[in-house]
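Notes follow once the structure below has been shown.
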Amino acid sequence: MTALGFLYPGHSAEDDYPRMEQMLAGGVRLQVVHTDIGEDAHRLDALVEMGSPARLAAGVEELRLSGAEAVVWACTSGSFVLGWEGAHDQVRELARAAGLPASSTSFAFAHAVREVGAVRVAVAATYPQDVTSHFAAFLRAAGLEVVAERAGDIGTAAEVGTWGRAEVLALARAGDHPDAQAVLLPDTALHTAAHLRELEAELGKPVLTANQVTVWEALRLAERRLNAPELGSLFTKEPVVQVRG
């Protein structure tokens, strides 16, 4: 049994993790520990505080006791708002505190885009425009080309957590672009695990979502590779959706 640890801010879409654990069906346990979200606001200062070392360190001991082999800070905005170098510092501090390989959802997106063979991406975000632009800048620092940014202008994770299938599909459609080889939905407060195959069928290209890439990143850190088509082309050995040039 491979145990993987996730530090998840507050309570919004954490039920995606037991759902994905069932979909993986490969001797993997996904252990979620909730961190104090502080002020629930998609605002730059609040997001920086949400990912502060003290808030992350508070959940580390519980993950260690769970036997986790790797830990991922399961938050996109609470990492990319620090910028490329700041996000690296955050992960290094987390790895030191946990004594485990560590990463964050922001880096998970950068790695997952390469995994599906894409370079040009479209961002379909729930965030306000200023936060969305920070994510696009992070992706560019990772060497990716952002061909479109769609900002949903939602102010809190709590509101995002109430979205269902219709809202998720509408966001992805609105954020897609003909030149994009993959579409990214960067918010771990968004329920997406149940919709990944439908999203990719609808758009005809890989769709990468925050909780999906977070779990994939933890598996990567633990050197596990599992085939789970229900979780989209990222989790298939042979992509079910071919990237278009």
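Some observations on this one:
- Residues (touching a Gly at 6+ places or on another chain (Cβ under 6 Å) and part of a loop (DSSP other than H, G, I, E, B)) located in the range 23-38: Ile37
- Pairs where the first residue, in the range 8-37, is on the phi > 0 side of the Ramachandran plot and the second is among the hydroxyl-bearing types (Ser, Thr, Tyr) and surrounded by 14 or more Cβ atoms within 10 Å (Cβ to Cβ), C-beta under 9 Å, 6+ apart: Gly10/Thr35; Gly27/Thr2
- Condition check for Glu85: modelled with pLDDT of 90 or more and surrounded by fewer than 18 Cβ atoms within 10 Å (Cβ to Cβ): yes
- Restricting the range 156-214 to residues that are modelled with pLDDT under 95, touching a Ser or Thr at 6+ places or on another chain (Cβ under 6 Å) and not in a loop (DSSP other than H, G, I, E, B), the residue that is farthest from Ser79 (Cα to Cα): Val160
- When we screen Thr105, Thr2, Thr35 for residues that are of a type in the set (Ser, Thr, Tyr) and in contact with a Cys (Cβ under 7 Å, 6 or more places away or on another chain), the only hit is Thr105.
- Checking the stated criteria, Ala41 turns out to be assigned to a loop (DSSP other than H, G, I, E, B) and surrounded by fewer than 19 Cβ atoms within 10 Å (Cβ to Cβ).
- Out of Glu217, Glu149, one residue alone is part of a helix (DSSP H, G or I), under 21 Å from His111 (Cα atoms) and modelled with pLDDT of 95 or more. It is Glu217.
Matching residues to (1) without any contact (Cβ under 8 Å) to a residue 40 or more places away in the chain; (2) in contact with a strand residue (DSSP E or B) (Cβ under 6 Å, 6 or more places away or on another chain):
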{"position": "Leu199", "(1), (2)": "yes, yes"}
{"position": "Gly204", "(1), (2)": "no, no"}
{"position": "Leu208", "(1), (2)": "no, yes"}
{"position": "Asn211", "(1), (2)": "no, no"}
{"position": "Trp216", "(1), (2)": "no, no"}
{"position": "Glu223", "(1), (2)": "yes, no"}
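The values are calculated or read from the model by the stated rules, or taken from the named source; none is laboratory data. This is a predicted model, so every value here is computed, not measured. We place every Cβ from the backbone using ideal geometry, glycine too, and count neighbours over all the protein chains shown.
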